[in-house]
Amino acid sequence: MIPDLESFKRLADFDNVLVVDDEGTTLYYDLADLNVLSKLGHRPEDFLGRKVTSFYTNLTDDNSTVMTVLHTGEAMTMVHQKLVTKTGQTYDSLSSTYPIEENGVIVGAIEFSKHFYSKEHMQYLDHYSSHKIYRKNNTIYTIDDLITQNEGMKAIKEKMERIAQHDSTILIYGKTGTGKEIVAQAIHNRSNRFGQPFITLNCRALSEDRADQVLWGTEHDGETQFGIVEQANGGTLFLDGINELSPQLQAKLLQVIEEKTIRRLGGTTDIHLDVHLISSTNEDPETLLQEKRMREDFYYRVGVIQIDLPELKERKEDIEQLVWHFIRFYQQHMNVAIETVEPEVMQLFHHYSWPGNVRELKNAVETAINQMQAGVITVGDLPRKIRQHENRRDVPGERKIMDLKEKVDEYERAIIAEELSKANGIIAETARRLGVSKQTLKYKLTKYELR
């Protein structure tokens, strides 16, 4: 039985596809939310080759949509079910199920579904891949996930479109929560490598004693364990937090970048690499170089192209759009309805400094959704830190006291403005006077709105 055109349009809204044989044994299962389900008590091997009713403790041949369709030969569309995992976790499913016929005989069924989670599970949705085409390459984000109307961010997106077509190394600099991994994944998915794996190495977790094994892999007694670098072969390797790498590890990676070969521990042959390298740091590369925490040769090899991400306080015109983007995401994947956000909430969001950047904003929205009542987000639903900021701001006659960073920024802005004026607005001359690169100066000119 083939669904009609209107049914196909509805099926496009579903995230998951399940195919079973005539006995209800799973032949194929493609899920957008496999990472979510694993946190709820499932593993990939729980699905294939097993009867569909064994996935959940509350499903039987009588109440399972798949088994009912197999028995009756009639399609069931837009059916809501509450599913209970083997660990006792529950979530809701909306599904449409169709029989598969061959010569008039039911030989299987195909089910399209979408899962909805409760507030207690919403933190798992950070691992939810909503992009069906890209979920197989280990990514969650595309360039469309960079929500902005800020001119600086628009310029960054345009730059990403261009550089994604080449294999030059890329260094992404941005404070915590500015979206460095989103940018890295978006570049990968915009490149010709999108069908190959995107592999992330958390440099903060890379210990000196296990580095060789983790990076290059091992060969021992006929058994091969692939390292992180080799797993990315043909695709993209994302070094997250390279400012945490020791000079010794920087030297090892530099050699691999230049020679494009590795050898597994215990191996006897070199393995050729075809990897696009993207790195990130939450500390200013100029500072890392000055403090001798990053080798100059390593910096120049990993940062042929550099992307400097602005902090959220520098793009506050994006706040309302981001808030509603997060709200729509949670509404699509949770049993929750959000009707409105009080104007006072948006006002507070615009006054707050957002030290945790976009990540902190998303966390604030998540906290508010957990605590809101009657579908309205109020100031009282926000994290205490943000509410306290509002209380301090409202004290009559209280003089605003700048923190150290604000004072440093104000001083730096004044110096740059003075030298820019002396150089008649010529960026190259201003950079020479200040002893910084043109790229660093351009970033600071944008940051301080001096151009």
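The values are calculated or read from the model by the stated rules, or taken from the named source; none is laboratory data. Owing to the predicted nature of the structure, the values given are computational and were not obtained by experimental measurement. Heads up, the Cβs are rebuilt from the backbone with ideal geometry, glycines too, and the neighbour counts pull from every protein chain shown.
Within the stretch 199-218, the only residue that satisfies the criterion of being surrounded by fewer than 16 Cβ atoms within 10 Å (Cβ to Cβ) and either at pLDDT 95 or above or in a loop (DSSP other than H, G, I, E, B) (or both) is Ser207. Taking the conditions (1) in contact with a helix residue (DSSP H, G or I) (Cβ under 8 Å, 6 or more places away or on another chain); (2) modelled with pLDDT of 95 or more; (3) of a type outside the set (Val, Ile, Thr); (4) under 30 Å from Asp270 (Cβ atoms) in turn, Gln185 satisfies each one other than (1). Which one is modelled with the lowest pLDDT among residues in the stretch 109-136 that are touching a His at 6+ places or on another chain (Cβ under 7 Å) and not in a helix (DSSP H, G or I)? Filtering first and then ranking leaves Tyr128. Would you mind stating whether Gly108 is closer than 24 Å to Asp284 by Cα and either assigned by TED's automatic domain parsing to the domain that holds Glu360 or touching a residue at least 60 places away in the same chain (Cβ under 8 Å) (or both)? Spelling it out, it is not the case that Gly108 is closer than 24 Å to Asp284 by Cα and either assigned by TED's automatic domain parsing to the domain that holds Glu360 or touching a residue at least 60 places away in the same chain (Cβ under 8 Å) (or both). Here Glu161, Glu181 are screened, and the one residue that is within 13 Å of the chain's Cα centre (by Cα) and not in a loop (DSSP other than H, G, I, E, B) is Glu181.
For the stretch 1-103, the helices (runs of 4 or more DSSP H) that sit wholly inside it and include 3 or more residues that are within 24 Å of Gln332 (Cβ to Cβ) and at pLDDT below 85 are 5-11, 34-39. The set of residues from the stretch 431-443 being under 16 Å from Ala417 (Cβ atoms) and modelled with pLDDT of 80 or more comprises Ala431, Arg433, Leu434, Val436, Leu441.
Please go through the stretch 137-153 and pick out each residue that is out of contact with any strand residue (DSSP E or B) (no Cβ under 8 Å at 6 or more places or on another chain) and either in a loop (DSSP other than H, G, I, E, B) or surrounded by 13 or more Cβ atoms within 10 Å (Cβ to Cβ) (or both).
Correct list: Ile140, Tyr141, Thr142, Ile143, Asp145, Leu146, Ile147, Thr148, Gln149, Asn150, Gly152, Met153.
Within the stretch 342-359, the residues that satisfy the criterion of being closer than 15 Å to Thr178 by Cα and either buried (at least 19 other Cβ atoms within 10 Å of the Cβ) or of a type in the set (A, V, I, L, M, F, W, C) (or both) are Trp354, Asn357, Val358. Within the stretch 85-123, restricting attention to residues that are more than 28 Å from the chain's Cα centre (by Cα) and of a type in the set (A, V, I, L, M), the residue that is surrounded by the most Cβ atoms within 10 Å (Cβ to Cβ) is Ala109.
Only residues that are more than 19 Å from Tyr173 (Cα to Cα) and crowded, with 16+ Cβ neighbours inside 10 Å were counted in the stretch 432-441, giving 2. Taking the conditions (1) touching a helix residue (DSSP H, G or I) at 6+ places or on another chain (Cβ under 9 Å); (2) modelled with pLDDT of 95 or more; (3) surrounded by fewer than 17 Cβ atoms within 10 Å (Cβ to Cβ) in turn, Ile156 satisfies each one other than (3).
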